[in-house]
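Have a look at the structure below, then the notes.
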Amino acid sequence: MNHSRSASFWLSLAVFILLGVGIVMLTSASSMRDQSSLVRSQSLYMVVGLVAAVVMACTDYRVWGQCIWVLVALGAVGLILCYVPGVGHRIKGASRWIGFGGFTVQPSEFAKIVILLFLGWWYGKNTKQIHTFWIGFLAPGLVVGALLGLILFEKDIGTTLLLAGVTFVVWFVAGVRWHYLAVSGLAAGLLVSVVIMKDPERMRRIEAYVQKKTEQQHAGSPGGGKAAKDKHALGEDYQQQQSLIALGSGGPLGLGLGESRQKMYYVPEAHTDFIFSIIGEELGMRATLMIVLCYVVVAATGGYIAVMAKDATGSLLATGIVTLVSFQAFINIGVVTKLLPNKGLALPFISAGGSNMVACMALVGLLISVAKHSPRSVVSPQNVPFPQGGMA
Amino acid sequence: MKGRIIAVVFVLVLLLSTLSVRLIDIQYVNARNFIQQAAKNHTLQMIVKARRGDILDASGNIMATSVPCRNIVADTIRMRQILADRRKLAAAGKKKFQQVSEDEVARELGRILAMNPKEIAAKMRESKGDVILAKRIGLDQWGTIMEAKLPGIKGEETYIRSYPEGRGAAHVLGYVSNEGVGMDGVERSMNSYLLGTDGFYVTEKDARQVEMRVYRSQDKQPKDGYNICLTIDQTIQHIVEEELDAAMQTYNPSGVYAIVMKPDTGEIMAMANRPSYDPNSRGQMDIKSMRNRCVADVVEPGSTFKIVTTAAALNEEVANLDTVFFCENGSWEYYRVPLHDHGSYGDLSVRQILQKSSNIGFAKIAIGVGEERLFSYIRAFGFGRRTMDGYLGGEAKGKLASVDRWSKISITRIPIGYEVGVTPIQVVSAMSVIANGGSYMRPIIVREVRDADGKEQFRYEPKELRQVIRPETAARVLEGLEGVVSKEGTAAAAKVPGFRVAGKTGTARKWDAEKKCYSRERYLASFIGFLPADKPKFVMLVMVDEPTGGKSFYGGKVAAPVFSAAAKRIANHLDLRPAPAAMEVAAR
């Protein structure tokens, strides 16, 4: 009986359940929109994501360390390309996308993977100097900070906060000195704590403040900041209220697949950020609790893989991945259930959207790769990462 | 490091677990609350207006109908949403729109509806939700509005009441209030049949307020109102209306009205009033012209009432047509009160008394009949009570005092049509008795009630209420009345070439309430005619109220020509064959 293999199995099972629910519910939630093309492209993203996962799983995660600076540079270039006319795409006033050949890609999703790989590699390489200021804190801090700065520059505050939070967790696990964390993370840490304090009103004020700042930075571009402000004016409260109504009216058992009323333009973004509320309405509490359970399984198995990892790089990478996916799921469901102020983050493995899907799947692949290469693993590299039969 | 990883994972699992607590709270503990909110969100109750039934004439021509139209409603919430989106897109330079503000929508609507855009804009500005901008807009205009694709503007299905003949038969038909309630005439008396039952459905809507049909429940179709089929013949009605218009021109009276009745069934074939009104444009209606004088006015009939006296005398065999009475050479004092004829007559037979309309002659005949018997005949002829069972609104009972309240001279005044108040419909119904072999038919104006598919629901059969006089008596009276429409009679002007016509003129002085005496200037000129005289196919009453043409005020001079002109055309319409004897007369 191999524990890491078992962890990979449960992890994969949870992810497959989430993917399955995701594609079915996307079909249902987009029934009044451009359904067939959405479902078709989302299926394609899933296939691409699976391929990415398999590739990542079959590749030793330490390989990436050899070309980490290339990856960091690619990430930065991708983020910068968002502003290059002709390549960068502007949607709803935010420059988060780059396009080529009819596809649009969100470089910040790629940057997520890069940051986690970088942190794992850096601290795995400098195990002895973790407590130092330059090597242990400032140098990686600057690299990550630069990438985060670029993402913040895109007015993607949600992703910035998310990645900042993940970085802090990785720092904490790696053993960076407390007072560095405390000092540097004071401002950002406050923000995160406010999020957890579930005080939507204060959060909104802070958010509005940040937006104002970014707006001033972009005084030249009229569309962007204004649209974001209008969204505020129209009230995210309305969105969240409609989301609660969807969840609540689903009750324990749900209205039945395809029977959601709230998806009929009441819940905005019913197929992306707010898809969880439609799941709750159609399939009920049993489904929403099962999804939460799936994320718990992902966190637990990921945590197990992190503990069992061969080296610090693997542990930190696994911890970062688990934290990222869990945070993202927590924030998304927290927003949908009005525990948190409205913030647009995709629900991992479920929400429509290609970049996020592929990124999440790649991260799962990395996790499995860490599991495979943990010391107690007897899985030969030729074996597929997903176990067949005989598990019990 | 492992310890810290476990701590982190523990926190993560804890965080995620709090979500399940929250979910249980929302989806189980407080689910009911949210289910209610969802119902509030989605439920849509709509009323589907029933179509008010048509009113048809005897041959199924439409006299009143309901035409589909739209109330123009602005859903201002939706409008503002769309306009805000449009402004955003327009500002980004992505699309161009005709309307990006409420004022622009109002301007376009104002242009299409020919309304003041400022008023429309003001209405929209004050509203948070649906507001009616214009009522009962025709489908043509609605089509234009739809083509303009104005945001948030919708059309509420409703009906507009339309009267194709305009003023024609306006008093018979009545009109309908803004709330769709019949206010007069048949519209009022048959309102409960015409109304129908509104339908409704309960359904769900999406956030754009568009119905999701799959979720429609409790779909109750509206039940359209019944159609009412009248006894009115639109052609005859039309003829009468035209002749009344002509009479208005010629005699300039304060009013003129006519009723045409089919004597053997009591069906009213036409009933018209002047002044009249157009129920299509009720804004201009004036209260005076809205009264249906044919049933609402109580008048002293004058000489036409003498037919009743004659019938009573002949039926009681007090006299026959050839019995002679001395007419006192034009002036007779009875209980010291003088009674005058307008000519000086000596001995006259009953036939001649009718021809000359001698007041003294009729007074003497009535004295022969006696008070009690005369009173019972007047009652039997239907005076002093309502005739129409409420099928036409505002019908008056008339005035008929019982015998114990008569004065000494009443027996000389009532038989010549004074001291009694009658309505025109009572006069026509009574005279139809003469034309119908002595039996009194209940006057009817509603023949049939049909459902929307044309299936008969009720039918008002002709009903004989009582035999008032013997058929022979009726024939004798008719014979006597035929003499009236002759060179020797008072109603030579009522002749209809090719037909034998019977009839009786009436010229009543109107009571002057101020001077407390009968006026010498204001008269009610009337003529009741039967055609053809031997077997009348229709009875027609014409009353001209206060003719001021200057020429004349006599029934024979004023009302009889109207009868003649109308009767000629009606006979033609009814395809009546000229009598051979009359043909000879005409040939000569």
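The values are calculated or read from the model by the stated rules, or taken from the named source; none is laboratory data. It should be emphasised that the depicted structure is a prediction, and the values quoted were computed from it without experimental measurement. For neighbour counting, all protein chains shown are included, and Cβ atoms are generated from backbone atoms with ideal geometry for every residue, glycine included. These area figures cover heavy atoms from the full protein model, side chains too; ligands, DNA and RNA do not enter into them. Shrake-Rupley method; radii C 1.70, N 1.55, O 1.52, S 1.80 Å.
Being in contact (Cβ under 8 Å) with a residue 60 or more places away in the chain, open to solvent by 10 Å² or more (accessible area, probe 1.4 Å) and aliphatic (A, V, I, L, M) is the filter here; which residues of region B:151-188 pass it?
Once the filter is applied, which keeps residues that are in contact (Cβ under 8 Å) with a residue 60 or more places away in the chain, open to solvent by 10 Å² or more (accessible area, probe 1.4 Å) and aliphatic (A, V, I, L, M), region B:151-188 yields B:ILE153, B:ILE160, B:VAL176.
What strands (runs of 3 or more DSSP E), lying completely within region B:190-263, carry at least 3 residues that are within 14 Å of chain A (Cβ to nearest Cβ), touching a strand residue (DSSP E or B) at 6+ places or on another chain (Cβ under 8 Å) and over 30 Å from B:ASN436 (Cβ atoms)?
Output list reads B:199-205, B:211-220.
Only residues that are more than 15 Å from the chain's Cα centre (by Cα) and in a strand (DSSP E or B): list them for region B:56-82, please.
If the condition is that a residue be more than 15 Å from the chain's Cα centre (by Cα) and in a strand (DSSP E or B), then B:SER66, B:VAL67, B:PRO68, B:CYS69, B:ARG70, B:ASN71, B:ILE72, B:VAL73, B:ALA74, B:ASP75 are the ones that fit.
State whether the residues of region B:81-90 include one that is among the small types (Gly, Ala, Ser) and modelled with pLDDT of 85 or more.
No, there is no match, as no residue in region B:81-90 is among the small types (Gly, Ala, Ser) and modelled with pLDDT of 85 or more.
Before we move on, is A:VAL296 crowded, with 24+ Cβ neighbours inside 10 Å and assigned to a helix (DSSP H, G or I)?
So A:VAL296 does not fit the description; no.
Restricting region B:529-553 to residues that are part of a loop (DSSP other than H, G, I, E, B) and under 22 Å from B:ALA430 (Cα atoms), which is modelled with the lowest pLDDT?
B:ASP534
Looking for something within 14 Å of chain A (Cβ to nearest Cβ) and closer than 30 Å to B:VAL105 by Cα - is there at least one such residue anywhere in region B:22-31?
There is no residue in region B:22-31 that is within 14 Å of chain A (Cβ to nearest Cβ) and closer than 30 Å to B:VAL105 by Cα.
Quick check: is even one residue across region B:159-173 at pLDDT 90 or above, of a type outside the set (Ser, Thr, Tyr), touching a Lys or Arg at 6+ places or on another chain (Cβ under 6 Å) and closer than 22 Å to B:ILE444 by Cα?
The answer is no; no qualifying residue exists.
Is it the case that some residue within region B:337-351 is under 16 Å from B:VAL427 (Cα atoms) and not β-branched (Val, Ile, Thr)?
Checked against the condition, which is being under 16 Å from B:VAL427 (Cα atoms) and not β-branched (Val, Ile, Thr), region B:337-351 yields no hits at all.
Which of (1) of a type in the set (A, V, I, L, M); (2) facing chain B (nearest Cβ under 9 Å); (3) farther than 25 Å from B:ARG213 by Cβ does A:VAL267 not meet, given it meets every other one?
(3)
Answer yes or no as to whether B:THR304 is in a helix (DSSP H, G or I) and open to solvent by less than 10 Å² (accessible area, probe 1.4 Å).
When the stated conditions are applied, B:THR304 passes them.
Run B:MET1 past the list (1) open to solvent by 20 Å² or more (accessible area, probe 1.4 Å); (2) in contact with a Phe, Trp or Tyr (Cβ under 6 Å, 6 or more places away or on another chain) and report the number of the one that doesn't hold.
The failed condition is (2).
Restricting the search to region B:462-516, which residues are out of contact with any strand residue (DSSP E or B) (no Cβ under 7 Å at 6 or more places or on another chain), in contact (Cβ under 8 Å) with a residue 60 or more places away in the chain and not in a loop (DSSP other than H, G, I, E, B)?
Answer for region B:462-516, where residues must be out of contact with any strand residue (DSSP E or B) (no Cβ under 7 Å at 6 or more places or on another chain), in contact (Cβ under 8 Å) with a residue 60 or more places away in the chain and not in a loop (DSSP other than H, G, I, E, B): B:THR473, B:ALA474, B:ARG476, B:VAL477, B:GLU479, B:GLY480, B:GLY483, B:ALA492, B:ALA493.
Based on what the data block shows, is B:ASN41 farther than 30 Å from B:GLN234 by Cβ, loosely packed, with under 15 Cβ neighbours inside 10 Å and at the interface with chain A (Cβ under 10 Å from one of its Cβ atoms)?
no
Name the residues in region B:384-405 that are open to solvent by 30 Å² or more (accessible area, probe 1.4 Å) and part of a loop (DSSP other than H, G, I, E, B), would you?
Answer for region B:384-405, where residues must be open to solvent by 30 Å² or more (accessible area, probe 1.4 Å) and part of a loop (DSSP other than H, G, I, E, B): B:ARG385, B:ARG386, B:ASP389, B:GLY390, B:TYR391, B:GLY394, B:LYS397, B:LEU400, B:ALA401, B:SER402.
Every residue, every condition in (1) crowded, with 21+ Cβ neighbours inside 10 Å; (2) touching a Pro at 6+ places or on another chain (Cβ under 8 Å); (3) facing chain A (nearest Cβ under 8 Å); (4) closer than 30 Å to A:ILE130 by Cβ, yes or no:
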site	(1), (2), (3), (4)
B:LEU16	yes, no, yes, yes
B:LEU19	yes, no, yes, no
B:GLN36	no, no, no, no
B:SER59	no, no, no, no
B:ARG78	no, yes, no, no
B:GLY93	no, no, no, no
B:ARG111	no, yes, no, no
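Assigned to a helix (DSSP H, G or I) and modelled with pLDDT of 50 or more: is that true of A:LEU347 in this structure?
no
Quick one: how many residues across region A:161-180 are closer than 13 Å to A:PRO140 by Cα, among the hydrophobic types (A, V, I, L, M, F, W, C) and more than 13 Å from every other protein chain (Cβ to nearest Cβ)?
1
Table: residues versus (1) open to solvent by less than 50 Å² (accessible area, probe 1.4 Å); (2) away from every other protein chain (no Cβ under 12 Å).
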position: B:VAL9; (1), (2): yes, no
position: B:MET46; (1), (2): no, yes
position: B:LEU56; (1), (2): yes, yes
position: B:THR65; (1), (2): yes, yes
position: B:VAL73; (1), (2): yes, yes
position: B:GLN81; (1), (2): no, no
position: B:ARG87; (1), (2): no, no
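Every residue, every condition in (1) farther than 17 Å from A:ASP156 by Cβ; (2) at pLDDT below 90; (3) of a type in the set (A, V, I, L, M, F, W, C); (4) touching a Cys at 6+ places or on another chain (Cβ under 8 Å), yes or no:
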| site | (1), (2), (3), (4) |
| --- | --- |
| A:SER31 | yes, yes, no, no |
| A:SER37 | yes, yes, no, no |
| A:LEU44 | yes, no, yes, no |
| A:VAL55 | yes, no, yes, no |
| A:VAL87 | yes, yes, yes, no |
| A:ILE91 | no, yes, yes, no |
| A:TRP97 | no, yes, yes, yes |
| A:ALA111 | no, no, yes, no |
| A:ILE115 | no, no, yes, no |
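Determine, yes or no, whether B:ILE5 is closer than 22 Å to A:SER249 by Cβ and either at the interface with another protein chain (Cβ under 7 Å from one of its Cβ atoms) or at pLDDT below 90 (or both).
no
Looking at region A:273-292 only, could you name the residues that are of a type outside the set (Gly, Ala, Ser), open to solvent by 10 Å² or more (accessible area, probe 1.4 Å) and more than 8 Å from every other protein chain (Cβ to nearest Cβ)?
A:ASP273, A:LEU283, A:ARG286, A:MET290
Hey, could you check region A:332-359 for residues that are hydrophobic (A, V, I, L, M, F, W, C) and within 10 Å of another protein chain (Cβ to nearest Cβ) and say which is surrounded by the most Cβ atoms within 10 Å (Cβ to Cβ)?
A:VAL336
Out of B:ALA513, B:ALA493, report the one residue that is touching a Lys or Arg at 6+ places or on another chain (Cβ under 8 Å), of a type in the set (A, V, I, L, M) and open to solvent by 10 Å² or more (accessible area, probe 1.4 Å).
Exactly one residue qualifies, and that residue is B:ALA493.
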